[in-house]
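The values are calculated or read from the model by the stated rules, or taken from the named source; none is laboratory data. Not measured: the values here are computed from a predicted model. Positions of Cβ are backbone-derived with ideal geometry, glycine not excepted, and every protein chain shown enters the neighbour counts. Please note that ligands, DNA and RNA were not included when accessible areas were found on the heavy atoms of the full protein model with its side chains. Shrake-Rupley method; radii C 1.70, N 1.55, O 1.52, S 1.80 Å.
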Amino acid sequence: MPRIFTPKVITGNALLEGDVIYLTSDDRWSRTLDEAEVLTDEAHAQLRLIDAQRRADEVVGAYLADVTPDASGPRPTHFREAFRRKGPSNYAHGKQETRAPLT
């Protein structure tokens, strides 16, 4: 029995900086998950992923990540994606430099 398709976003890493990035509905890469295009149709998601993977001059390792749509934007459903969203864990740089510490 095939698995039911759940909402997803396209994510990967920026080629030059290495930051986690998300594909938006207007074909931009954003470092903010809240701006990501939520894909609810499997065929459309696969086409968008193929297009994203062809953009090798911008992104490395593009893939579909499960999310739950929310009023304030998509939320990761898996620990790995929640962890990636916060940025590097070894020391504060990039996204972590500008954010207040999580409590």
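Which members of segment 1-31 meet the condition of being under 10 Å from the mean Cα position of the chain (by Cα), touching a residue at least 40 places away in the same chain (Cβ under 8 Å) and open to solvent by less than 60 Å² (accessible area, probe 1.4 Å)? Steps first, please.
Within segment 1-31, the subset under 10 Å from the mean Cα position of the chain (by Cα) is 8-13, 20-24, 29-31.
Now narrow it down to the ones that are touching a residue at least 40 places away in the same chain (Cβ under 8 Å): 8-13, 20, 31.
Lys8, Val9, Ile10, Thr11, Gly12, Asn13, Val20 - these are the residues of segment 1-31 that are under 10 Å from the mean Cα position of the chain (by Cα), touching a residue at least 40 places away in the same chain (Cβ under 8 Å) and open to solvent by less than 60 Å² (accessible area, probe 1.4 Å).
For segment 38-61, give me each residue that is touching a residue at least 40 places away in the same chain (Cβ under 8 Å) and not small (Gly, Ala, Ser).
The initial filter retains those residues of segment 38-61 that are touching a residue at least 40 places away in the same chain (Cβ under 8 Å), namely 45, 52, 56-61.
Once the filter is applied, which keeps residues that are touching a residue at least 40 places away in the same chain (Cβ under 8 Å) and not small (Gly, Ala, Ser), segment 38-61 yields Asp57, Glu58, Val59, Val60.
Go through (1) in contact with a Ser or Thr (Cβ under 9 Å, 6 or more places away or on another chain); (2) surrounded by fewer than 19 Cβ atoms within 10 Å (Cβ to Cβ); (3) at pLDDT 95 or above one by one and return the number of the condition Ala65 breaks.
Answer for Ala65: the failing condition is (2).
Considering only segment 18-67, how many residues are assigned to a loop (DSSP other than H, G, I, E, B) and at negative phi? Explain how you work it out, then say what you get.
So in segment 18-67, the residues assigned to a loop (DSSP other than H, G, I, E, B) come out as 18-19, 24-28, 31-32, 36-38, 40-41, 54-58.
Filter once more, so that each one left must be at negative phi: 19, 24-26, 28, 31-32, 36-38, 40-41, 54-58.
Number satisfying all stated conditions: 17.
Kindly indicate whether any position in segment 33-52 is buried (at least 16 other Cβ atoms within 10 Å of the Cβ), under 13 Å from the mean Cα position of the chain (by Cα), among the small types (Gly, Ala, Ser) and closer than 13 Å to Arg84 by Cβ.
yes
Looking at Arg48, Arg84 in this structure, which one is at pLDDT 95 or above and of a type in the set (D, E, K, R)? Before the answer, list the steps.
On the way: Arg84 fails: at pLDDT 95 or above.
After applying the criteria, what remains is Arg48.
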